[in-house]
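Colleague: Take a look at this one; I'll ask things after.
The values are calculated or read from the model by the stated rules, or taken from the named source; none is laboratory data. This is a predicted model, so every value here is computed, not measured. A quick note on method: Cβ atoms are made from the backbone with ideal geometry, for glycine too, and the neighbour counts reach across all protein chains shown. With ligands, DNA and RNA removed, areas are computed over all heavy atoms of the protein, side chains included. Shrake-Rupley method; radii C 1.70, N 1.55, O 1.52, S 1.80 Å.
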Amino acid sequence: MRITADAPLVHCNTLRLPARAEWCASVGTPAELAEALAFARSRALPVCVLGGGSNVVLRERIPGCVLLMRMQGEDVLEHGDAVVRLRVAAGTCWHDFVLACHARGWYGLENLALIPGTVGAAPVQNIGAYGVELAAFVEEVGAVDRATGERCTFTRADCCFAYRHSIFKGELAERTVITDVTFRLPLDAAVQADYPALRAALDGAADPTPAEVLRAVLAIRRQRLPDPQRLPNVGSFFHNPVLERARFESLRTRHPDVVHWADGERVKLAAAWLVEQAGGKAMREGAARVHERQALVLVNDGDATATEVLELARRIAAAVAARFGVELRIEPAIYG
Ligand code: FAD
Ligand code: NAP
């Protein structure tokens, strides 16, 4: 394995930001991971882990050693009558994995199709879309401690999965490298099709099949979301804020039309609505702007820098705070 100095990362992040890594290693096997971690340890370098770079904002220079996770492969651990259990390497393309499972009659992941990135990053924010979250299918996450190089495993409960969150984004942020994920997938064709946009796309089908759900998800996403290959972006830039009910009711007296959904005892606000109402869609900072159809997505029109993207996000959040008194939190991780 080569560990390269001053490596360009512009093609390693879907916002196409022109970052450079002090050191960079492409990691394809457990032995290469051990070697790269030992290299970082010997020079007391911080370690930054990247999968597909579809949920990060990279500043100009990333200090330390960037690991590009490229481990591939899967092991079927059990093929029973009702479920299949399989362990999948962290560098596997998430969308290809979803399609491959579906083709083999291993169901459940259809709602999560077309999410960019890798299998190893999926548990980090417990990826979710169209009413389904990764957590429902995870049995175990395998990882290596960045400081010691030792292997550790996390059961689903250990992962502390929550809405777009897990222990890997919280308590253990920047402390482990996820090497593999063990999935437990059902073989029956039950689908989750309650999400309003999905139901609408299914055109009232009473009992949709997994294949119909997959087709609908692919169609909605292609229609609604900008393809990062053509228009660089990292998906939703802001989380939907979740408020205590009393605070929400106070907000609603001032803004009766605020778009919201019940979230257990609390209330989730539509961040996209807040951004639109606060004038975010008209905002631009250099080559960074808000996507015309999707107010949560910031796009790079060509030569945007991380400074421009983050300044645009700051101005949007400030406008939302001034108008609604609600804090918007940034979803992608910021490095450098
Ligand atoms: P990266 O961007 O490389 O990394 C993200 C974070 O995970 C970083 O903190 C990184 O250090 C860490 N990380 C990555 N790999 C590992 C590893 N092996 N071990 C430890 N840490 C690691 N997300 C959703 O939840 N739902 C969506 O519907 C969705 N749609 C999207 C649509 C578009 C067009 C885009 C561009 C993004 C979308 N995302 C969505 C966000 C993103 O695709 C997901 O969060 C995805 O899981 C990121 O994967 P990645 O490999 O690109 O991770
Ligand atoms: P969308 O379906 O209109 O969703 C926009 C936002 O509104 C999402 O954050 C979604 O919350 C929320 N929402 C819509 N209907 C909801 C309901 N009935 N109950 C609760 N929340 C509701 O448009 P979209 O932007 O194309 O997103 C489609 C799906 O893909 C969503 O699940 C979204 O989260 C996911 N997505 C995520 C990213 C990302 O980077 N994180 C990027 C693109 C799409 P939820 O997030 O809880 O679904």
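Colleague: Per residue of the range 176-185, what does 6.51 cos²θ - 1.76 cosθ + 1.60 with θ = phi - 60° give for ³J(HN,Hα)? Whole Hz please, x for Gly and Pro, Karplus curve as stated.
Modeller: Listing the rounded values in order: 10, 10, 6, 9, 7, 10, 9, 9, 10, 10 Hz.
Colleague: Say the dipole of the chain comes from +1 at the beta carbon of Lys and Arg and -1 at that of Asp and Glu; which of Ala129, Gly302, Gly28 then lies farthest toward its positive end?
Modeller: Gly302
Colleague: Which value, in debye to the nearest 20, describes the size of the charge dipole of the range 1-135 about its Cα centre when Lys and Arg Cβ atoms bear +1, Asp and Glu Cβ atoms bear -1, and nothing else is charged?
Modeller: The dipole of the range 1-135 has a size of about 520 debye.
Colleague: In the chain, what percentage of the DSSP-assigned beta bridges are antiparallel, given to the nearest 5? Spell out each step's value before the answer.
Modeller: Working: 47 of 61 bridges.
So the antiparallel bridges in the chain amount to around 75 percent.
Colleague: With point charges of +1 on the Cβ of Lys and Arg and -1 on the Cβ of Asp and Glu, referenced to the Cα centre of the chain, which listed residue (Ala103, Leu214, His165) lies farthest in the positive direction of the dipole?
Modeller: The one lying farthest along the dipole's positive direction is His165.
Colleague: Just need log10 I(q)/I(0) for the chain at q = 0.10 Å⁻¹, Debye formula, equal scatterers on the alpha-carbon atoms, no solvent, rounded to two decimals.
Modeller: -0.63
Colleague: Please tell me the relative contact order of the range 268-336 in percent, rounded to the nearest whole number, where contacts are Cα pairs under 8 Å and at least six residues apart. It would help to have the intermediate numbers written out before the result.
Modeller: Values: 83 pairs, mean separation 19.5, N = 69.
Reported as a whole number, the value is 28 percent.
Colleague: Also: Before rounding to the nearest 500, sum -39500 (n - 2.57) across all DSSP H runs of length at least 4 in the chain and divide by the residue total; then give [θ] at 222 nm in deg cm²/dmol.
Modeller: On the way: 7 runs with 80 residues, N = 336.
Result for the chain, helices only: -7500 deg cm²/dmol.
Colleague: Moving on. Can you give me the long-range amide H partners of Phe238? Hydrogens built in the peptide plane at 1.01 Å from N, cutoff under 5 Å, separation of 5 or more residues or another chain.
Modeller: Glu331
Colleague: Tell me the carbon and sulfur percent of the accessible area for the chain, rounded to whole percent, probe radius 1.4 Å.
Modeller: Numbers: 7800 of 15540 Å².
Reported share for carbon and sulfur atoms: 50 percent.
Colleague: Using alpha-carbon pairs under 8 Å, 6+ residues apart, how would you state the relative contact order of the chain in percent?
Modeller: Numbers: 712 pairs, mean separation 54.6, N = 336.
In percent, rounded to a whole number, it is 16.
Colleague: Now for a separate question. Just the number please: accessible area per residue for the range 74-223, 1.4 Å probe, all protein chains included, in Å².
Modeller: On the way: 6720 Å² over 150 residues.
On a per-residue basis, 45 Å².
Colleague: What does the accessible area per residue of the range 232-336 come to in Å², with a 1.4 Å probe and no ligands, DNA or RNA counted?
Modeller: Numbers: 4890 Å² over 105 residues.
Ligands and nucleic acids excluded, the result is 47 Å² per residue.
Colleague: Below 8 Å, C-alpha to C-alpha, sequence gap of six or more: please give me the relative contact order for the range 3-69 in percent. Display every interim value, and only then the final one.
Modeller: Numbers: 130 pairs, mean separation 27.9, N = 67.
Contact order relative to length: 42 percent.
Colleague: To the nearest 20 debye, what charge dipole does the chain have about its Cα centre, counting +1 at the Cβ of each Lys and Arg and -1 at the Cβ of each Asp and Glu? Provide the component values of the computation, followed by the final result.
Modeller: Details: 38 positive and 40 negative charges, 196 e Å.
Its charge dipole is roughly 940 debye.
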